[in-house]
Amino acid sequence: MKPIEKPMLFSAAMVLAILAGNKTQTRRIIKPQPAQREGGISFCHHGDAMWSAIGLEGDRESYKCPHPVGSLIWAKETFLYRAQKTAVLFRAECDQESAAGLGGMYGGWKPSIFMPRWASRITLEVTGVRVERLQDISEADAKAEGAMFWWNSLSRREQEETYSGVGHGPRGCFHDLVESVHGAGYWKRNPFVWAYAFRRVKL
């Protein structure tokens, strides 16, 4: 049976981290978030892709995992068309100066959400899924998220503007990464997330 195949958006920095082999995990918020319950919530897995959020009194909410183990993710990234839309260039591979020039030459960069399947250069196979709170990430998993790769890719000025004072280890870098993507206060909200592990595959 053909595996489930769905797209996922990645920033330029995370695309480069995947290509360099420094990103083998990604976390995506569960929508909608489970209702708050006194005493907390636990998640359990049942069936091929179903999970349940369970309260202390046994009440539960069911969630279908968008990307179950064995499914494929094709990466969407910022791009532009060239050669009468038969080929593409990738923003992740350009510095700011060349990106500006190429964008003007080829009609502007297209947001990642508009990338068609044929233009994607990255396909990932999901090898593991679990549910956790954002702040439960370990140092090893934060490194697998490409957090330190992202931090080291920033200019000194960008690091100074981004650094929150949490620390320069993997979890500290991951904290600053998610705050830069989702806005200040996202880490403190500590949402439940799908934690995906993956490997890159060639089709």
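The values are calculated or read from the model by the stated rules, or taken from the named source; none is laboratory data. Keep in mind it's a predicted model, so treat the numbers as computed, not measured. Methodologically, a virtual Cβ is constructed for each residue, glycine included, from the backbone with ideal geometry; neighbour enumeration extends over all protein chains shown.
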- Message: If Glu38 meets every condition in (1) at pLDDT 95 or above; (2) more than 17 Å from Glu125 (Cβ to Cβ) apart from one, which number is that one?
- Response: (1)
- Mind checking which residues of the range 66-80 are assigned to a strand (DSSP E or B) and either β-branched (Val, Ile, Thr) or at pLDDT below 95 (or both)? Ile73
- Message: Just to be sure before I move on: is Trp187 within 22 Å of Glu93 (Cβ to Cβ), part of a helix (DSSP H, G or I) and either under 15 Å from the mean Cα position of the chain (by Cα) or not polar (S, T, N, Q) (or both) in the structure I sent?
- Response: no
- In the range 97-112, is there at least one residue being crowded, with 19+ Cβ neighbours inside 10 Å, at pLDDT 95 or above, small (Gly, Ala, Ser) and in a loop (DSSP other than H, G, I, E, B)? no
- Any residue in the range 60-68 that is over 23 Å from Lys202 (Cα atoms), under 22 Å from the mean Cα position of the chain (by Cα) and among the basic types (Lys, Arg)? yes
- Query: Quick one: which of Thr162, Thr123 is in contact (Cβ under 8 Å) with a residue 40 or more places away in the chain and among the polar types (S, T, N, Q)?
  - Reply: Thr123
- Answer with yes or no whether Trp151 is touching a helix residue (DSSP H, G or I) at 6+ places or on another chain (Cβ under 9 Å) and either surrounded by 13 or more Cβ atoms within 10 Å (Cβ to Cβ) or within 30 Å of Trp118 (Cβ to Cβ) (or both). yes
- Task: Give the residues of the range 14-26 that are at negative phi and surrounded by fewer than 20 Cβ atoms within 10 Å (Cβ to Cβ), sorted by residue number.
- Result: Leu19, Ala20, Asn22, Gln25
- Task: Count, please, the residues in the range 42-72 that happen to be touching an Asp or Glu at 6+ places or on another chain (Cβ under 6 Å) and farther than 20 Å from Ala197 by Cβ.
- Result: 1
- Item | So Ala142, is it at pLDDT 95 or above and touching a Gly at 6+ places or on another chain (Cβ under 6 Å) | no
- Item | Which numbered condition Leu56 misses (of (1) over 16 Å from the mean Cα position of the chain (by Cα); (2) part of a loop (DSSP other than H, G, I, E, B); (3) modelled with pLDDT of 95 or more) | (3)
